[in-house]
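The values are calculated or read from the model by the stated rules, or taken from the named source; none is laboratory data. Just so it is clear, the structure is predicted and the values come from calculations on it, not from any experiment. Here the Cβ positions follow ideal geometry from the backbone for every residue, glycine too, while neighbour counts run over all protein chains shown. Only protein heavy atoms, including side chains, enter the accessible area calculation; ligands, DNA and RNA are left aside. Shrake-Rupley method; radii C 1.70, N 1.55, O 1.52, S 1.80 Å.
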Amino acid sequence: MAKTKPNKLKARLPRGFVDRSASDIRATDAMLAEIRKVYESYGFDPVETPAFEYTDCLGKFLPDTDRPNAGVFSVQDDDEQWMSLRYDLTAPLARHVSENINEIQLPYRTYRAGWVFRNEKPGPGRFRQFMQFDADTVGAPGVQADAEMCMMMADTMEALGIPRGQYVIRVNNRKVLDGVMEAIGLGGEDNAERRLTVLRAIDKLDKFGIEGVRLLLGEGRKDESGDFTKGAGLDAEQVAKLENAVGAFSADKTIGNATGDEGLAELADIQSLVTAGGYGPDRIKIDPSVVRGLEYYTGPVYEAELLFDVTNEKGEVVQFGSVGGGGRYDGLVKRFTGRDVPATGFSIGVSRLMTALKNLGKLDTQDVLAPVLVTVMDGDTASLARYQKMTQDLRAAGIRAEMYQGNWKKFGNQLKYADRRGCPLAIIQGSEERGEGVVQVKDLIEGKRLSGEITDNVTWRESRPAQVSVAEADLVVTVARMLAEHAEDRARAGAGGAGE
């Protein structure tokens, strides 16, 4: 009777999720540390909220179905309450502030980094799990808080090595957009869908230019492939008023509507505040064409945009675009408390910003050296204890080290392991060395270089390149010296490359 092989479980990732490598994690940690320094310098303190919230507290995605899974990942608790993975870090903060409103000192200045989750169709560069890093001020009603957020965003970009001229913080006000919508007859709930169409059209200004946006605001636009996008159906007068509203900002600009003109006045105040702080239009620019999609924004909105060119997945050269943004959301806390609690904040898309920094060559993940490898020549307990002590002595001196844990009987495999790991040094002590009270320190980096200069095995065996014998008592100081020499070599190589 033929034997049937058991079915193997197929190892696979869910779509829209990725594993992260050591270099990615270290690069992210380094980037977050720089961002955190800026936030702390502005007097912000950390807070952390859980990944799960009750679905009704998140508020944004509440579909009319028995299972609230549109946009978010949801599960039902044993008490039949629906919980969802957070889709951003702002809604959970509003819940946290509301729940602790009597203990929290307002204005509450806080930051937090964390994973967020979207139950959406994944695509190129679009993931279902990604990291955000937010900063918020809760309990500050004046636009000076919004201006400060914009300045902090600019400082963050520069702290990460993005020079002036390669980024800009663009600022608008939702009151300007809401006001012009009212002025052209698109106010009220009945016109919510058309307003959304209008906002989407304005958001395409950078991509299609004013002529393309005019078509999208009117009857519609046909693209190069022949596909037709239905427009908002506005007439020429309505389009003209929208063009005026989203055009270049000036002090004498008017919408002709109380809400819109209030928004323009707030933008003028922000411009005065950031200018007084030393932030010119090359860093923070008032731009009435900025559209932020979330419905909870009630006032100033802002976006950090990178201006350098990159090649996208289609091979096209495009501007990198937005890596973060935010705005004022005065109504989120009120949902829970019933009282007005003004708030403003912004969120940085960590993964997207990391991609940008890689394009600029600002992420150096080579600073973390592979460990020094203490090899194992003898597997008896007494010998293993001696190797372990060598390893611990190196670690106690601040040197990254590991003792080989594989099959010690095949010594060649240990050196292959060290090579694949990129270990700079290998520590070797067999019975002969132990009897003499010495250890061999093999410089694997120098040895690899010298191996290219030695052409025959005899010379190799006689020269034993880049391997030195030292007293056991001198092991730590010798390893430290050799690692310091490696660091000097890397610094010289880096300086040489920079000068080319």
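Of note:
- Considered as a group, the residues in region 339-365 that are part of a loop (DSSP other than H, G, I, E, B) and modelled with pLDDT of 90 or more include one that is nearest to ASP134 (Cα to Cα), and that residue is PRO342.
- VAL213 more than 27 Å from MET152 (Cβ to Cβ), in a helix (DSSP H, G or I) and of a type in the set (Val, Ile, Thr): yes
- Within region 378-401, the set of residues being of a type outside the set (Lys, Arg) and within 15 Å of LEU475 (Cβ to Cβ) comprises TYR387, GLN388, MET390, THR391, GLN392, ASP393, LEU394, ALA396, ALA397, GLY398, ILE399, ALA401.
- Residue within region 185-196 that is of a type in the set (A, V, I, L, M), open to solvent by less than 80 Å² (accessible area, probe 1.4 Å), assigned to a loop (DSSP other than H, G, I, E, B) and more than 28 Å from GLN319 (Cβ to Cβ) present: yes
- Any pair with Cβ under 6 angstrom, 6 or more apart, that starts in region 326-338 at a residue that is surrounded by fewer than 16 Cβ atoms within 10 Å (Cβ to Cβ) and ends at one that is modelled with pLDDT of 90 or more and assigned to a helix (DSSP H, G or I): THR337/SER98
- Flag for PHE308 being farther than 30 Å from LEU58 by Cα, open to solvent by 30 Å² or more (accessible area, probe 1.4 Å) and of a type outside the set (S, T, N, Q): no
- In region 244-260, the residue that is nearest to the chain's Cα centre (by Cα) out of those that are surrounded by fewer than 17 Cβ atoms within 10 Å (Cβ to Cβ) and not aliphatic (A, V, I, L, M) is GLY247.
- Counting the residues of region 10-48 that are part of a loop (DSSP other than H, G, I, E, B) and surrounded by fewer than 16 Cβ atoms within 10 Å (Cβ to Cβ) gives 13.
- Single residue of GLN238, GLN271 found to be open to solvent by 70 Å² or more (accessible area, probe 1.4 Å) and over 28 Å from VAL318 (Cα atoms): GLN271
- Applying a threshold of 6 Å to beta carbon distances and a minimum spacing of six or more residues, or different chains, the list of pairs starting in region 164-179 at a residue that is within 16 Å of PHE249 (Cα to Cα) and ending at one that is hydroxyl-bearing (Ser, Thr, Tyr) and open to solvent by 10 Å² or more (accessible area, probe 1.4 Å) reads ARG174/TYR297; LYS175/THR259; GLY179/THR259.
- Hits in region 434-446 - residues which are in a helix (DSSP H, G or I) and in contact with a helix residue (DSSP H, G or I) (Cβ under 9 Å, 6 or more places away or on another chain): ARG434, LEU444, ILE445, GLU446
- Pairs with Cβ under 8 Å, 6+ apart, first in region 202-213 and in contact (Cβ under 8 Å) with a residue 12 or more places away in the chain and more than 14 Å from GLU224 (Cβ to Cβ), second assigned to a loop (DSSP other than H, G, I, E, B) and not small (Gly, Ala, Ser): ILE202/VAL291; ASP203/VAL291; VAL213/LYS204
- Selection status of THR229, within 20 Å of GLU182 (Cα to Cα) and either open to solvent by 50 Å² or more (accessible area, probe 1.4 Å) or part of a loop (DSSP other than H, G, I, E, B) (or both): no
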